[in-house]
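Participant: Have a look at this one.
The values are calculated or read from the model by the stated rules, or taken from the named source; none is laboratory data. Given the structure is predicted, the values throughout are model-derived calculations rather than measurements. Cβ sites come from the backbone with ideal geometry, for glycine too, and all protein chains shown count toward neighbours. These area figures cover heavy atoms from the full protein model, side chains too; ligands, DNA and RNA do not enter into them. Shrake-Rupley method; radii C 1.70, N 1.55, O 1.52, S 1.80 Å.
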Amino acid sequence: MTDHYDVIIVGSGAGGGTLAHALAKSGKRILLLERGDFLTREVENWDPGPVFVEGRYISPDIWYDSAGKPFQPQAHYYVGGATKLYGAALYRLRPEDFGPLRHADGLSPAWPVGYDEFEPWYTEAEWLYQVHGVHGEDPTEGHCSKDYPWPPVSHEPRIQQISEALSAGGYHPFHAPCGILLDEANRPVSTCIRCATCDGYPCLVHAKADADIIAVRPLLRHPNVTLLVNAEVERLVTDASGRNVRYVQVNRQGVQEFYEGDIVVVSAGAANSAKILLRSASDEHPAGLANGSGQVGRNYMFHNSKAIVALDKERNGTVFQKTLGLNDFYFPGDGREWPLGNIQMLGKSNAMAMKGEEPKLTKLAPRWSLDEVARHAVDFWLTTEDVPKPDNRVTVDSDGNIHLAYRQTNDAEADGLYRELRTVLNHIGMAAHHVLSKNFYMSMDVPVAAVAHQAGTCRFGTDPADSVLDVNCKAHEVDNLYVVDTSFFPSIGAVNPALTAMANALRVADHLTHRMA
């Protein structure tokens, strides 16, 4: 006997978890399917050895690159999805990101809706996810109907010095929008303790505003919401017409189960959402479900990013470093032909996480131990937009394995952003030659494996010939199928995609609420 639900949601991350949260108050019967389990609270949550060196929280999945070479993606399958280990940087896309933008390696296409359509949902998402910040500091941001629910996370002394030096140099630093459950005005009752083990770590005290803590756990008391963990969706089965998904086929700890839903929403992440649709091929959908356009799996994006450590002659005693951003180079201008992207602070370096960099660091500072190098490190994250290319794509083999063909774009822009950072360092009193690229995943140093910002495999649009979804993220070819994660992005911008996924989930929830009324 197959259980029937009003809505089945596949995946509990920024898209699926937020959507479930928004729909719960409708009273409709909702089934939330998560292929992972709750992430265990344990001392290893805050230990850089297990987290960065051993990859304790990375999925054992094996994917294959375009040459057929296997690699382990840095994917996290838990209740809350990738947000369990994200840095909680919750940025809005710039208004211009919703329009066409010329890049060194091609065009970043326009979205079928503009910033004004997303603005109220951005605001709602910022309040749901308890974002700290202040609108108006960043001159590139769009208009905002309401300020953040919390004041910005304060800069610690060294970061405050850097911010002031940037301002004095004519730059426009701003407080980075951050989703943490920190109450600086009343620290004794604050859930967040403002530790150094946030960016890239699970939160041991549940103080990160992730989809698990904010969106999913509050639902578990609702009788109309059911969460099943360790439930991997294998395929979707349509009715005879091919116009409606009738069953969701699930492998739950080796047992095959089927669930029936009036509405089915796939929110498994860009690669896995494409995988599910491609594996759901049938006589009615021979190239994969909802893939008459041939676009499912194509236009995969994940940002052209660099993690940089700069060695300061002064010790950097900062604990929570991720409080500052800089968008002065986000768009062309001042002699720059192309958009270069975003600069923001990264979680503070420590000796264990830098272990893989030891040879380069020793050469740079031969008299310093790794501990001493970490004490002097100031860490930056540089993000350049990755433009969509149809041959950057996810495919699936006969055994259901993901194959990811990908060629990085906009290297010229990423190099330009790096050069701008070196110039910036002179304004903050740091030697420009004391800069090197770093990768906390040195033992897993496969560029295509960095999937935290994956997007774009089921783009939305108005023309069924070149898009998978309509403007409400419903599949053009299937009447009850939606995709609500970063798969829908036609372009990715140059800021972290999580808030846009959350805002879109709230937008689609409003549409579904009216549809089911």
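Participant: Quick one: which strands (runs of 3 or more DSSP E) lie wholly within the stretch 50-123 and hold at least 2 residues that are within 25 Å of residue 338 (Cα to Cα) and in contact (Cβ under 8 Å) with a residue 24 or more places away in the chain?
Facilitator: Passing ranges, in order: 101-103, 106-108.
Participant: Out of (1) open to solvent by 10 Å² or more (accessible area, probe 1.4 Å); (2) assigned to a strand (DSSP E or B), what's the single condition that is false for residue 482?
Facilitator: Going through (1) open to solvent by 10 Å² or more (accessible area, probe 1.4 Å); (2) assigned to a strand (DSSP E or B) one by one, residue 482 breaks only (1).
Participant: I'm checking my understanding of the structure. Among residues of the stretch 393-415 that are part of a loop (DSSP other than H, G, I, E, B) and within 19 Å of residue 70 (Cβ to Cβ), which one is least open to solvent (accessible area, probe 1.4 Å)?
Facilitator: Across the stretch 393-415, the extreme among qualifying residues is 400.
Participant: From the set of residues in the stretch 25-49 that are closer than 18 Å to residue 347 by Cα and either open to solvent by less than 20 Å² (accessible area, probe 1.4 Å) or part of a loop (DSSP other than H, G, I, E, B) (or both), which is modelled with the lowest pLDDT?
Facilitator: 49
Participant: Right, something else. Considering only the stretch 218-332, give the strands (runs of 3 or more DSSP E) lying wholly within it that have at least 2 residues that are under 30 Å from residue 516 (Cβ atoms).
Facilitator: 225-228, 231-238, 245-252, 255-266
Participant: Tell me yes or no: at least one residue of the stretch 280-294 is in contact with a Gly (Cβ under 7 Å, 6 or more places away or on another chain) and open to solvent by less than 10 Å² (accessible area, probe 1.4 Å).
Facilitator: Checked the stretch 280-294: at least one residue is in contact with a Gly (Cβ under 7 Å, 6 or more places away or on another chain) and open to solvent by less than 10 Å² (accessible area, probe 1.4 Å).
Participant: Hey, another quick one. Output the number of residues of the stretch 233-257 satisfying the condition of being within 22 Å of residue 271 (Cα to Cα), open to solvent by less than 50 Å² (accessible area, probe 1.4 Å) and either of a type in the set (Asp, Glu) or at pLDDT below 95 (or both).
Facilitator: Total satisfying the criteria: 1.
Participant: For residue 193, work out the one condition from (1) open to solvent by 50 Å² or more (accessible area, probe 1.4 Å); (2) assigned to a helix (DSSP H, G or I) it doesn't fulfil.
Facilitator: So residue 193 meets the others, but not (2).
Participant: Take the conditions in contact with a His (Cβ under 7 Å, 6 or more places away or on another chain), closer than 26 Å to residue 417 by Cα and open to solvent by 50 Å² or more (accessible area, probe 1.4 Å) and apply them to residue 100. Does it pass?
Facilitator: In short, no.
Participant: Given the options 108, 66, name the one that is surrounded by 17 or more Cβ atoms within 10 Å (Cβ to Cβ) and either over 21 Å from residue 381 (Cα atoms) or out of contact with any Pro (no Cβ under 6 Å at 6 or more places or on another chain) (or both).
Facilitator: 108
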